[in-house]
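To start, the structure under review is shown below, and the notes come after it.
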Amino acid sequence: MAENKTKKTRASVTGFLRSIKDPAMRADCNTVAKMMRAATGKNARMWGSSIVGFGTYDYKYESGRDGQFFLCGFSPRAKNLTIYIMPGFSKFQPLMKKLGPHKTGKSCLYVKHIADIDRATLHKLIEESVKVMRKKYPTD
């Protein structure tokens with residue numbers, strides 16, 4: 001069975017955040033990190049080389065595949081800040097309508113700049129997503 005490619009590492013989150021060249025992106029990442037720390041009560045960990053994750057949950061699919069992943073996380077990308085909302089967005093439509101300009105994938109929220117969206121709504125979205133994950137899965 002295939003192993004999850006994205007795993008926790010011992011790399012420095014602080015070092016990673018400091019290495020972000022764009023000052024606006026670095027500031028946005030620090031803002032989101034504070035929100036996720038508050039929502040999870042957990043310290044940040046690097047997952048792979050470019051994802052900052054908070055907390056963990058254990059999953060097992062019907063196929064028998066199992067593993068561990070972060071409750072919420074983010075990654076600075078070339079065009080957007082990617083924010084990982086693990087349960088997806090279907091349960092959060094009222095919040096999504098209030099968020100401001102964004103795009104989504106299955107569990108990815110793409111924003112250009114934190115200043116363009118409603119920060120309180122983003123914080124609430126992160127908090128609510130963590131609550132959903134903790135109800136559904138065993139977490140740390």
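Details
- Residue within the stretch 75-90 that is in contact (Cβ under 8 Å) with a residue 40 or more places away in the chain and surrounded by fewer than 19 Cβ atoms within 10 Å (Cβ to Cβ) present: no
- Only one entry of Lys79, Lys97 meets the criterion of being of a type outside the set (Val, Ile, Thr), farther than 13 Å from Met36 by Cβ and out of contact with any strand residue (DSSP E or B) (no Cβ under 9 Å at 6 or more places or on another chain), and that entry is Lys97.
- Among (1) closer than 19 Å to Lys8 by Cα; (2) more than 11 Å from the chain's Cα centre (by Cα); (3) outside any strand (DSSP E or B), the one test that Gln68 misses: (3)
No lab work stands behind these numbers, since they all come straight from the coordinates. Here the structure is a predicted model, which means the values were calculated and not measured. Backbone-built Cβ (ideal geometry, glycine too); neighbour counts: all protein chains shown.
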